[in-house]
Amino acid sequence: MGISWVQILVVAVLLVLLFGRGRISSLMGDVARGVTSFRQGLREGVEETAKDDDAEKQVGQTIEGEAVNKSTNSSENKK
């Protein structure tokens, strides 16, 4: 036994009687704004992560050049 359309209709009528059409529509608007701000927060988090990844790539760059031995031992310098 599932929920019939008559039961759904009765619940909908009771909700409209208890809260009124204006209050229900304002609640739905609040829910929509909440979902929108949540999505924006997710996008901002992804953008910040991408910026952090780019910064890490720049820090780990290789410097090209030849290694020079700077030994202070005088016996190795004479060879």
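Derivation of every value follows stated rules applied to the coordinates shown; laboratory data play no part. Treat the numbers as computed from the prediction; the structure is a model and nothing was measured.
Can you tell me how much longer the chain between Glu44 and Ile24 gets when fully stretched, taken as 0.36 nm per residue apart minus their C-alpha distance, in nm with one decimal? Write out the running numbers ahead of the final one.
Values: separation 20, 0.36 × 20 = 7.20 nm, distance 3.05 nm.
Stretched fully, the Glu44-Ile24 segment lengthens by 4.2 nm.
Full extension of the chain segment joining Lys70 with Trp5 gains 14.7 nm, where the gain is 0.36 nm per residue of separation less the Cα-Cα distance.
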